[in-house]
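Engineer: This structure is in C-alpha cells; I'll ask about it shortly.
The values are calculated or read from the model by the stated rules, or taken from the named source; none is laboratory data. In this text the structure is predicted, and so the values were computed from the model without any measurement. Here the Cβ positions follow ideal geometry from the backbone for every residue, glycine too, while neighbour counts run over all protein chains shown.
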Amino acid sequence: MKKHLAFFLAMLMLLGLLCGCKGATGKNTSAGMKDNSITVGIAQDLDNSLDPYKMTAAGTREVMFNIFEGLVKPDKDGNFVCAVASDYSVSSDGLVYTFILRSGVVFHNGAKVTAEDVMYSFKTCASTSVTAALVEALSAVDAYEVTATQFSIVLKEPNPDFLSYVCNVSIVPKDYHDQDTAPVGTGPFKFQSRRVLDNFVIVRNDDYYGQKAHLSKVTYRILEDNTALFTALNSGSLDLVAHLTIDQTKNLTNGYRVAEGTMNLVQAIYLNHDVKPFDDVRVRQALCYAVDVDAMLKLTSGGHGTAVGSSMYPAFGKYFDESLANAYPHDIAKAKQLLAEAGYPNGFSFTIKVPSNYQPHVDCATVLVEQLKAAGIDAKIQLVDWSTWLSDVYKGRNFEATITGFDSSTLNASGMLARWETGNGKNMINYSNADYDAAYRAARATADDAQQTQYYKQCLAILSQDAANVYLQDLVDFVATHPKLKGYEFYPLYVMDMSLLYWDK
Amino acid sequence: MKKYNGFLLCGGILTAAMLLFILLGCFWTPYDTTAMDPNAMEQSPSWQHLMGTDKFGRDILSRVMEGAASSLFIALCVVAIGCFFGLIIGALCGYYGGIADAILTRVCDSITAFPSFLLALVIISVAGPGTYNIIFALGILFIPSFARIVRTEYVTCRDLNYIQSARLMGAGDLRIMVAHILPNTLTVLLSALTIGFNNAILSEASMSFLGLGVQPPTPSLGYMLNESRSSINSTPWYMLFVGATIVLLVLGFSLLGEGLQRQAQED
Amino acid sequence: MKYLAKKLAALVATLLVVSLLAFLAFQVIPGDPTTKILGTEATDEAVEALRQELGLNENVFVRYFRWLGNFLTGDFGMNYSRHMPVSQLLGDGLVVTFALTVLSFLITVLVAIPLGILGGSARSQLLDGAFAVVDQAVMSIPPFFMATLLTWVFGILLGLFQPGRYTSYADSIPGFVACLIMPALSIAIPRIAMTVKMLRSAIREEMERDYVRTARSRGNNRRAILARHVLKNAMVTTVTFLAVSAAEIMTGSIIIEQVFGLPGVGQLLLEGISNREFLTVQAIVVILAAWVVVVNFLADILHQLLDPRVRYE
C-alpha cells in the first residue's frame, strides 16, 4: 500500500517538475496570426441587451466600446476627442454646445449618419437610458437644434461636465429597433454573432471613417470559471486576457507579456453610518489607523495598486490628491486610544459582507480581518453572492461593513462624488455631512472649471477627515497578451480598445 | 480470517494517525492559522514551514491541521444525518411499500433533482452562514442516496422465506426490520457510507468555493483545495499537500470500511 | 398498463413538488431579476415599473399557477436579462448537457464493469489490495479537481488538447464530441472508481453465498459459476447504483461545465440562480427532475428483470 502511495505522490511531484521546466519555452505562433484575428478571454457573458442605452454590466460596456461611439469619445489619456462629430465648440456662457457632423460616417448597416439620427439618439437616450446620472444630465437640455451638418444642444444651466455625458450618448440609426440582439453603431468594429455562454464575435468595420482597425476579427471567448480562463490563456488558446490577479501572472508559464495598469476604481471598506458603532467618527478613524494599506497591498497584490485615501482614483489627475492617502498612517496605539474615547476600550465586533465572486475583494477582506485583530476589533467575513449583495447590501443597505469598488460610470468626477450627498439614492452608507453637501452643490453650480475643481477637492478632503470609509486602493489591472500581439493601451476607464491591436509578424 | 487483517490493520493505522494529526490540530498548531507574513509569501516546504506557505505567508501545515478538523466534523455529521434518516426512510418504504413509499420516493427524487447550490442558498438566506447550517443543508441532500439503496435491499428481502417464517413465528414488523433485514443491508451500507463520507468532504469543498461553507479566514480543506487550484504552476506543493490530506483521510476510513465489510462476510 | 399509469402519475407529482420548491426558493433568497437588467444606477421608480411589468408584485400562488398553466401549454416564459424565451435558451444547452451525460455514462459503464469484474474475481491478495487502494485514491479526487488535473496534464504539459476551446455541435459534430472528451473523463473517472467498488463488493458477497459454495464443492469451474450466477446477482445492486449515477451525472455536471466553459444547462442554471431568473431555473429544475425520475423508473424495471424476487406492483 505504501508503495502505491509513494508512487502516487511521486507522480504528482514529477508533474510539478515537468511544469517547472515548461516555463522556459513559450509558444511563438498563434492560430490567429494567419487570418489576422485574435481570441480574447472574458470572465462573463455579455448577458444584457446589447442596446447601448440598456447596457449595465461593466463587462458589456468594455466590449461594446468597440462598436458604439458618441459625438466625442474618450482616448487613452482620458481626453475627449472627436468621433462622429468632426469639431465642436462651446459658447462663452457655457450654455450652447455646437457639433459639426463629420461627413461620410456610415452606420454598420450601411446607412449614412444624419443630424436626424443624432437627435434621435439623444432623445431616445434621455428617455430610455438605465444610467440615472445620464438621464438627469440630459434633462437639463433646453433644446436641440439641427441643420444638415450641425447639431447644437442648448442647456438650461451651464454644466462643465457636460461633454462627458455627450460621450456616453452612443449614436444609433433612427428607427432601428433590433439593437437588443443585433447592435448597429459607428465604431471601428461591427457585431457579427454571439452564442450564449460560448462566444461573442466582432469584425472590422471596413467603412470606418478614422484609423481602421488592424485586426479583421475579434472573438471573445466566455469562460466564467477563473481557473478555466487562466488555463486556456496559459495553454495558448487565448491571445489576450485582462483583469488578471497577481497570482495568475506569477503562474503564467507560456512567455506571454504582462502589462500593468489600473482598474480605475476606488476600493474601500464601506461602512454603514446608520449602525452603531460606525455612526461615531472616532470609531471610523480608529479603523483607518488600524488598517495598514501598504501591508495589505504587499500581501494581496505584491505591492502593486495605488493607495487612494478618498473617493477619487489617480486617473482623475485633476482632482486626485495624493496626500490624502497618507492621512491615516498605520498606528495601532492611536486606534486603540480613539476606540477608548468612543467608549470601546475593549474593541468591538462586526460583520463584513463580501461579494464572493470577486477574488481581490475577498483577499483584502481576509487581510483586513487579520490587521484589525491587533486593535482588538473582531471582524467576521460573510461571503454573499452578487445578487444578494446588490439587493441586500447595495439597495437594502442591510449591512455593517462591506468591501467593493466604485468607479465613475459617467467618466467625470461627479460620478464618484454624487453618491455621498445626503439622501442620494446611491448613498449606500447613509453618509450625511452638511459641509460636504454644501461643497458638492457649489461644485455643481459653478460654470468655472478651476473653481469646480477646487470644490471637488474640498469634498475629497471632507470625506478623508470624516473617515467616511476606510479607503484602500485603486486595484492593479494585469493584462496578458501573446508576445507577438502589440498595441494594447490602458484607458482611464473600463474598456478594451481592440482597434489598436496588431500582430507583429 | 487471517487474510483480511491487512485492510483492517492498514485502515486502522491510517485512520488513527489522521485522527491524531487532527486532534493535535485542535489544541496546537506550529503557527497561528491566520497569521500573515509579507516576508514569507508562497515559500516552498522548508524546516520552518513543513508544507510551505500560501499567498499570504500563512503556514500551510497549521491550516491543514485546523482545516482537516472542521472538514472532518462537517463530513461526519452530514453522513450521520444522511445515513440515519436514509436508513429509516428506506427501511419503512421498502418494507411497507404503498402510498407512503410512493410519496417518500417522490420526495427523494425531488431532492436529487433539486440544485444543491439553490438549496444551500435558501438555507443560508434564512439561517445565515455557519457550520451547522451547512451541515443541515448537506445532510438533507445526502438522505436520498442512502434511502434508495436501503429501500432496494428491503424490497428484495421482505418476501424471502426466512423472513416469512420469522413473521409466522410471531415476530413483529420492527423486530423483522431491525433484527432480520438490517444485517443484510450492512454490506451495501458500508460501501455507501465510505462513498458518502468521500462525497461529503467534497461537497463541503464545493460549498465553500461558492462562499456558502466555512467562511474565510477560517481554514477548511475544501476552500484550500480551491485556492490551490489557481496557483498550480507556482506553488504545486500547496495543492499536493491539501489533496494528499483529503485522500489519506478518506482512504483510511474506506480501508477500515472494506476491512470491516470483509470481516462481516467472513463471519 | 396500470403500473405505467401509476409511474406517470408519480412523475407528474414529482415535477409539481420540485417546481413549487424552486419557485418558493426564490421567494426566500434576496434579489430579483430587475437588478441584473437595470443595473445599480437605476432609479427606484424604474425598478418598480419593471417589477410591475414582470408581474413580480402579484401574489406568490397566483404567479405559480399562472406559470404552471403556461408551462403545460409549452410556454416556458422569458429569460428577462437575456431577452430570450427560456425554451430557446435551453434548447442548445440541453444538447450539450445531454451529450456530456451520455458520454460520461458510457465511459463509466464500459470501463467500470470489466474492471469491477476483474477486481471482484481477483484471487491474488496483492491485486485485491491494489484495487482497493487505487480505487479509493481515485474516488477521493473531486470532479472539479480532476478536471483541473486533466487540463493541466493533457492541455498544458502534453498539449494534447486546447483548454478553453469549444466547437458547437452546429458547426461540427466530431469537433463537438472532441471538446466533450476531457469533461466527460473528469466526470467519469471518479464514477468509475465508485462503480468498481460497488461491483467488487457485490461480487465478493455473492461468492460467499451458500449456492456458490455448493456449486463449487460439486466441482464446477469458478469462472463458469461467476459468469452464470454470481454476475447476474451482483449486477442487481450495480444497476441500481448506475441508475442513480446517471441521474447524478446530469445534476452534477454543473461544475464541470463551468470548469471547461461548456455552454450547457448547468452553466445556465448557475447563471439563472445568480441573476434570479426564476423562470429559467424552474424549467431547468423540472427537466432535471424528469430525468431523475425516468432514469430511476428504468432502473426499477431493470432491477425487476434481473431479480425475479422483486415485484413492484
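Engineer: Determine whether C:L199 is surrounded by fewer than 16 Cβ atoms within 10 Å (Cβ to Cβ) and farther than 18 Å from C:A99 by Cα.
Structural biologist: Working: surrounded by fewer than 16 Cβ atoms within 10 Å (Cβ to Cβ): no; farther than 18 Å from C:A99 by Cα: yes.
It is false that C:L199 is surrounded by fewer than 16 Cβ atoms within 10 Å (Cβ to Cβ) and farther than 18 Å from C:A99 by Cα.
Engineer: To continue, here is another question. What number of residues within segment B:137-166 are more than 17 Å from B:P183 (Cβ to Cβ), more than 9 Å from every other protein chain (Cβ to nearest Cβ) and among the small types (G, A, S)?
Structural biologist: 3
Engineer: Got a sec? Which of C:G164, C:G159, C:G119, C:G155 is more than 13 Å from chain A (Cβ to nearest Cβ) and more than 22 Å from B:N199 (Cα to Cα)? Before you say what the answer is, go through the steps one by one.
Structural biologist: Values: C:G164 fails: more than 13 Å from chain A (Cβ to nearest Cβ); C:G159 fails: more than 13 Å from chain A (Cβ to nearest Cβ); C:G155 fails: more than 13 Å from chain A (Cβ to nearest Cβ).
When all the criteria are applied, what remains is C:G119.
Engineer: What's the number of the condition C:G219 fails, among (1) away from chain A (no Cβ under 14 Å); (2) at negative phi?
Structural biologist: Result: C:G219 fails condition (2) only.
Engineer: Evaluate the following for B:T187: is it in contact with a helix residue (DSSP H, G or I) (Cβ under 9 Å, 6 or more places away or on another chain), over 30 Å from C:A25 (Cα atoms), crowded, with 23+ Cβ neighbours inside 10 Å and touching a residue at least 24 places away in the same chain (Cβ under 8 Å)? Before you say what the answer is, go through the steps one by one.
Structural biologist: On the way: in contact with a helix residue (DSSP H, G or I) (Cβ under 9 Å, 6 or more places away or on another chain): yes; over 30 Å from C:A25 (Cα atoms): yes; crowded, with 23+ Cβ neighbours inside 10 Å: no; touching a residue at least 24 places away in the same chain (Cβ under 8 Å): yes.
No, not satisfied.
Engineer: Go through (1) under 26 Å from the mean Cα position of the chain (by Cα); (2) in contact (Cβ under 8 Å) with a residue 12 or more places away in the chain one by one and return the number of the condition C:Y80 breaks.
Structural biologist: Single failed check for C:Y80: (1).
Engineer: Would you check if C:S172 is in contact (Cβ under 8 Å) with a residue 60 or more places away in the chain and either touching a Leu at 6+ places or on another chain (Cβ under 7 Å) or farther than 30 Å from B:M207 by Cβ (or both)? Spell out the reasoning first.
Structural biologist: On the way: in contact (Cβ under 8 Å) with a residue 60 or more places away in the chain: no; either touching a Leu at 6+ places or on another chain (Cβ under 7 Å) or farther than 30 Å from B:M207 by Cβ (or both): yes.
No; evaluated as a whole, the condition is false for this residue.
Engineer: Can you tell which of B:T112, B:T131 is under 19 Å from the mean Cα position of the chain (by Cα) and within 14 Å of chain C (Cβ to nearest Cβ)? Walk me through it before giving the result.
Structural biologist: Numbers: B:T131 fails: within 14 Å of chain C (Cβ to nearest Cβ).
So the residue among B:T112, B:T131 that is under 19 Å from the mean Cα position of the chain (by Cα) and within 14 Å of chain C (Cβ to nearest Cβ) is B:T112.
Engineer: Additional query: Based on this model, can you work out whether A:D93 counts as charged (D, E, K, R) and either surrounded by fewer than 21 Cβ atoms within 10 Å (Cβ to Cβ) or in contact with a Leu (Cβ under 8 Å, 6 or more places away or on another chain) (or both)? Explain how you work it out, then say what you get.
Structural biologist: Working: charged (D, E, K, R): yes; either surrounded by fewer than 21 Cβ atoms within 10 Å (Cβ to Cβ) or in contact with a Leu (Cβ under 8 Å, 6 or more places away or on another chain) (or both): yes.
Judged against the criteria, A:D93 is a match.
Engineer: Now for a separate question. Looking at segment B:16-34, can you tell me whether even one residue there is among the aliphatic types (A, V, I, L, M), within 12 Å of another protein chain (Cβ to nearest Cβ) and surrounded by 20 or more Cβ atoms within 10 Å (Cβ to Cβ)? Talk me through it step by step, then tell me what you get.
Structural biologist: In the first step, residues of segment B:16-34 are kept if they are among the aliphatic types (A, V, I, L, M); the result is B:16-20, B:22-24.
Imposing the further condition that a residue be within 12 Å of another protein chain (Cβ to nearest Cβ) reduces the set to none.
No, because not a single residue in segment B:16-34 is among the aliphatic types (A, V, I, L, M), within 12 Å of another protein chain (Cβ to nearest Cβ) and surrounded by 20 or more Cβ atoms within 10 Å (Cβ to Cβ).
Engineer: Scan C:T151, C:T167 and give me the residue that is surrounded by 24 or more Cβ atoms within 10 Å (Cβ to Cβ) and within 25 Å of the chain's Cα centre (by Cα). It would help to see each step written out before you state the result.
Structural biologist: Working: C:T167 fails: surrounded by 24 or more Cβ atoms within 10 Å (Cβ to Cβ).
The conditions single out C:T151.
Engineer: Is it the case that C:M146 is on the phi < 0 side of the Ramachandran plot and facing chain A (nearest Cβ under 10 Å)?
Structural biologist: Considered against the rule, which asks whether it is on the phi < 0 side of the Ramachandran plot and facing chain A (nearest Cβ under 10 Å), C:M146 comes out as no.
Engineer: Quickly run through segment B:232-267 and pick out the residues that are surrounded by fewer than 22 Cβ atoms within 10 Å (Cβ to Cβ), within 9 Å of chain A (Cβ to nearest Cβ), more than 16 Å from the chain's Cα centre (by Cα) and touching a residue at least 60 places away in the same chain (Cβ under 8 Å).
Structural biologist: Selection gives B:S234, B:W237.
Engineer: Looking at A:I171 and the list (1) assigned by TED's automatic domain parsing to the domain that holds A:S237; (2) under 28 Å from C:A46 (Cβ atoms), which single condition is not satisfied?
Structural biologist: It is condition (1) that A:I171 fails.
Residues are listed down the side, and each one gets a yes or a no for (1) facing chain A (nearest Cβ under 10 Å); (2) within 17 Å of C:A289 (Cα to Cα); (3) not in a helix (DSSP H, G or I):
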position	(1), (2), (3)
C:A9	no, yes, no
C:L15	no, yes, no
C:L20	no, yes, no
C:F23	no, yes, no
C:Q27	no, no, no
C:T40	yes, no, yes
C:E48	no, no, no
C:Q52	no, no, no
C:R63	no, no, no
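Engineer: Follow-up. Among the residues of segment C:171-179, are any of a type in the set (D, E), more than 24 Å from the chain's Cα centre (by Cα) and under 25 Å from A:V196 (Cα atoms)?
Structural biologist: The first filter runs over segment C:171-179 and keeps only residues of a type in the set (D, E), leaving C:171.
Still in the running and more than 24 Å from the chain's Cα centre (by Cα): C:171.
Keeping just the survivors that are under 25 Å from A:V196 (Cα atoms) gives C:171.
The answer is yes, given that some residue of segment C:171-179 is of a type in the set (D, E), more than 24 Å from the chain's Cα centre (by Cα) and under 25 Å from A:V196 (Cα atoms).
Engineer: For segment B:207-227, give me each residue that is in contact (Cβ under 8 Å) with a residue 24 or more places away in the chain, in contact with a Gly (Cβ under 9 Å, 6 or more places away or on another chain) and part of a helix (DSSP H, G or I).
Structural biologist: If the condition is that a residue be in contact (Cβ under 8 Å) with a residue 24 or more places away in the chain, in contact with a Gly (Cβ under 9 Å, 6 or more places away or on another chain) and part of a helix (DSSP H, G or I), then B:M207, B:L221, B:G222, B:Y223, B:M224 are the ones that fit.
Engineer: Please return the ranges of helices (runs of 4 or more DSSP H) entirely within segment A:92-194 where 1 or more residues are of a type in the set (S, T, N, Q).
Structural biologist: A:115-128, A:162-168
Engineer: Report whether or not B:S125 is among the polar types (S, T, N, Q), without any contact (Cβ under 8 Å) to a residue 12 or more places away in the chain and under 30 Å from B:F73 (Cβ atoms). Spell out the reasoning first.
Structural biologist: Working: among the polar types (S, T, N, Q): yes; without any contact (Cβ under 8 Å) to a residue 12 or more places away in the chain: yes; under 30 Å from B:F73 (Cβ atoms): yes.
Judged against the criteria, B:S125 is a match.
Engineer: Separate question: Residues C:V293, C:V285: which one is on the phi < 0 side of the Ramachandran plot, buried (at least 21 other Cβ atoms within 10 Å of the Cβ) and at pLDDT below 85?
Structural biologist: Details: C:V285 fails: at pLDDT below 85.
Of C:V293, C:V285, the one residue that is on the phi < 0 side of the Ramachandran plot, buried (at least 21 other Cβ atoms within 10 Å of the Cβ) and at pLDDT below 85 is C:V293.
Engineer: Can I ask one more? Which numbered condition in (1) within 30 Å of B:V122 (Cβ to Cβ); (2) crowded, with 21+ Cβ neighbours inside 10 Å; (3) within 14 Å of chain A (Cβ to nearest Cβ); (4) modelled with pLDDT under 85 is the only one that B:M224 fails?
Structural biologist: Evaluating B:M224 over (1) within 30 Å of B:V122 (Cβ to Cβ); (2) crowded, with 21+ Cβ neighbours inside 10 Å; (3) within 14 Å of chain A (Cβ to nearest Cβ); (4) modelled with pLDDT under 85 leaves (4) as the failure.
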